[in-house]
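One structure below.
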Amino acid sequence: MNEEIDPRVWRRIYVATLAYGVLTIAVLWWFTAVFD
Amino acid sequence: MHWLDWVLIVALPVYVVADSVRRASQHKDLEGFLLAGRSVRWWAVGMSVMATQASAITMISIASHGYEHGLRWLHVYLALPFAMVILCTTVVPWFTRARVFTAYEYLERRFNAPTRVLASILFLISRGIAVGTSLYAPSIVLNLVLGTPQWLAILLMGGVSAAYTIFGGNAAVIFTDVKQMVVMFLGIGCSLWAVIAGLPEGVGFHDAMALAGASNRLEAIHLPPDVGEAFADRYNLVAAMVGGVFLFLGYFGADQSQVQRYLASKSVDHAKASLLVSAFLKVPMQFAILLLGALIYVFYMFTPAPPVFRAGDMERVAAAATAEERAAWNTLLQDYRAAADRRREIALAFVGDGEGADPAPLQQANERVGELRDAALATWQRLAQTKEKDGDFIFPHFFLANLPIGILGLVIAAIFIAAMSSLDAQLNSLATSSVMDLYVKVKPQAPPDEILRMSRWATLFWGAFATVSAFYVAELGQMIEVVNVIGSMFYGSLFGVFLLGWLCPAARTHDGWIALASGFAATAFTEFVVNAEPNHVLVDGKLVPPVGFLWYNVIGCVGVVVVGNVLALLRRSRS
C-alpha cells in the first residue's frame, strides 16, 4: 500500500464496511431469535 | 500450578516487552518517540488500535459480564463499522495530512489556544481516571494465582509498563500491541475450547447453547418496547446505534490514546485501513468473549461453584465473624448448595427432553440460585465492610480451576500482556498531550531535546498516577462499565467541538471553549442530577438511571454544537 489508493476503491471499501455492519446486526438478530 | 504455566507467564511478557523495545530503538528523535516516526504499516496500527481498547478488562470483565448478563454488552460495539467509515472520510485524512502530534492541535488552529488547552485537560482527566482500571484487573488474577497482595501486583505491572514506554515510546507501544492481540486471540480460542470440553458427558455444544438461551444469556439484539426504555435500558439497539456512533466518533476521533495510534501510520491510506481492522474484527471478538461468559454460566450448572467468587476472602471473613454470623453464613451456604444441586437435575432433564423442553423450571431454578448468590454477596460485603463486588472474579475463578496445563499459563500471560499494552498506549498519549498541549504552550521556545526529555518525565508521572489511582477503582463497580461510563461523560463533548469546527464556519475563537465547557456541563448535569438515585426508573425489575450512559455521548456532542451555533448567531446579530 505504498501508492495512494484510488478514491473509487475506497468508496467500495466503505460500502462493504457499511454492508458488513448491517449484516452483523441481521445475523445477531437471527441468532437471538433462534437461541434466546 | 505446573512449571510450564509459570514458564509461559514469565517468558511471554518478557519476550513481548524485550522485542518491542529492541524494535523501537531506531526511533530516537521527538517524532520517533511520540509517533514512531510516522512509519508504521496499517495492519500493525490496526492491531494497536484494537489492543489499546482491549485491555485485561476486556478478557476478565467482559467474560464475567457475559456470565451475569449474557450477550447484551455486545450492543455497545454494533455501531463501530458505521462510526469508522465516518471517521475515515473526515478526521483521519485531516489529522494525518496536517501532521499534528495531538488531536487538540486542530482546535487551536480552528478556534484558539484556550479551546485546545481545555480539550486537552478534559482528555487528561477522563483518561487519567480510566487508566487505573487497566492495572486493577490483572491484579485480581495475580491475587488469585499467587495470593500476592493486589497492591504489589499493581506496583509491578505499573512499573514495567511505565519503564518500557519511557524507553521505547510509541513504537514500543505499537509492537507490544501487535503481539498482545495474537496472544489474546489464542487465549480466547483456548478458553472457549476448555469450557465446551468441560461440560459433562451427554451435554454437547448445542445443548449448552439451548441451556444458555433458556437462561436468557443469548440475547444479542434487544429492541426497546418504548421510548422510556430506549433511554433507560443501557443495552438496546436504539441506544447502541445512536449513542454508540457518538461514543466511537468521540473515542477514535477525539481521544488522544487512539488518535496517536493512527498518527503513527506511514500514510493516510494506512491510517484509514488501520481503523477498518477494528470495524471488521471487534464485534466477532467481543461476541466470542461474551459467549465464553455465557457458556461458563452453563458450565457452573453442572460443576459446583461458590456463591461468592471471592471464595478465599469469604472463608477469611467468615472465620473472623461472630458465632451467630458464622451460623447464618453456613445456613445460607447449605441453601445455596441445595438450590445448585436442584438446578443441575433440572438442567439435565432439560437436555434430556431435547427440542421443545419447557424452559420455565430452569428459569425458576436460576432465579433461586441468583437470589441466594445475591444474599451471599451482601453478607460478604457487610462482614468484609466493603462495597466491592465479585463480578470481575468469575472468569479468573473459572480458568484457574479448569484450564489444562499450558493453556492456563497462556491465558494468564495474555491478561498480563493485555494490561501492559493497554496501559502503555494510555501513558504514551497522556504524556504526549501533557507536553505538546500544555508544556509547550507555557514554554513555546523549548528545543526538541527538552520536549523529548519532558515527554519521558511525563510518562513516568502518569505511570505513577495510574498506579496510585488503581488502588481506588475497585469500589466503583464492574470495571468494563466504569471505564465506558467515565469515557462517555467526556467523548461526546470532545468530538462535538471538532464537529462544530467542521459544520459551523461562523463559530470561532472563544466559541470553541465555551461550547466545549457547556457540552461537558450538560453531560455532568445528566449524570449527577437527572440520573440521581431518587429519579431511578424500573426496567426489567431493576431500578436504573433514566438515561443510559451511551446517551451521554449524544448529549455532550449535541450540546457543544447547539451552544457553538447559538454563540455564532449572537455574534452575527450583534455585528
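Some observations on this one:
- Among the residues of region B:70-96, those identified as out of contact with any Gly (no Cβ under 7 Å at 6 or more places or on another chain) and more than 14 Å from chain A (Cβ to nearest Cβ) are B:TRP94, B:PHE95.
- Test set (1) away from chain A (no Cβ under 14 Å); (2) in contact (Cβ under 8 Å) with a residue 12 or more places away in the chain; (3) more than 26 Å from the chain's Cα centre (by Cα) - B:ASP177 fails condition number: (3)
- Condition met for B:ARG99 (over 16 Å from the mean Cα position of the chain (by Cα), modelled with pLDDT under 90, surrounded by fewer than 24 Cβ atoms within 10 Å (Cβ to Cβ) and away from chain A (no Cβ under 14 Å)): yes
- Comparison of B:GLY158, B:GLY189 shows that the only residue that is closer than 30 Å to B:LYS443 by Cα and of a type outside the set (A, V, I, L, M, F, W, C) is B:GLY158.
Yes or no, residue by residue, for (1) at pLDDT 95 or above; (2) within 22 Å of B:ALA414 (Cβ to Cβ); (3) buried (at least 23 other Cβ atoms within 10 Å of the Cβ):
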{"residue": "B:SER278", "(1), (2), (3)": "no, yes, yes"}
{"residue": "B:PRO284", "(1), (2), (3)": "yes, yes, no"}
{"residue": "B:LEU290", "(1), (2), (3)": "yes, yes, yes"}
{"residue": "B:ALA294", "(1), (2), (3)": "yes, yes, yes"}
{"residue": "B:VAL298", "(1), (2), (3)": "yes, no, yes"}
{"residue": "B:PRO306", "(1), (2), (3)": "no, no, no"}
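- Flag if B:LEU275 is under 30 Å from A:GLU4 (Cα atoms) and in a helix (DSSP H, G or I): yes
- Looking only at region A:3-36, and only at residues there that are modelled with pLDDT under 90 and within 8 Å of another protein chain (Cβ to nearest Cβ), the one that is nearest to the chain's Cα centre (by Cα): A:ILE5
- Residue match in region B:137-157 (condition: more than 14 Å from every other protein chain (Cβ to nearest Cβ), hydroxyl-bearing (Ser, Thr, Tyr) and either over 19 Å from B:LEU403 (Cα atoms) or not in a helix (DSSP H, G or I) (or both)): yes
- Among (1) touching a residue at least 60 places away in the same chain (Cβ under 8 Å); (2) over 30 Å from B:SER25 (Cβ atoms) - the single one B:MET157 does not satisfy: (2)
- Residue match in region B:199-216 (condition: touching a residue at least 40 places away in the same chain (Cβ under 8 Å), within 14 Å of another protein chain (Cβ to nearest Cβ) and under 22 Å from the mean Cα position of the chain (by Cα)): no
- Members of region B:212-236 that are part of a helix (DSSP H, G or I) and closer than 13 Å to A:THR32 by Cα: B:ALA212, B:GLY213, B:ALA214
- Hits in region B:253-270 - residues which are more than 11 Å from every other protein chain (Cβ to nearest Cβ) and farther than 20 Å from B:GLU481 by Cβ: B:GLY253, B:ALA254, B:GLN256, B:VAL259, B:GLN260, B:ARG261, B:TYR262, B:LEU263, B:ALA264
The values are calculated or read from the model by the stated rules, or taken from the named source; none is laboratory data. All values reported here derive from a predicted model rather than from experimental measurement. Positions of Cβ are backbone-derived with ideal geometry, glycine not excepted, and every protein chain shown enters the neighbour counts.
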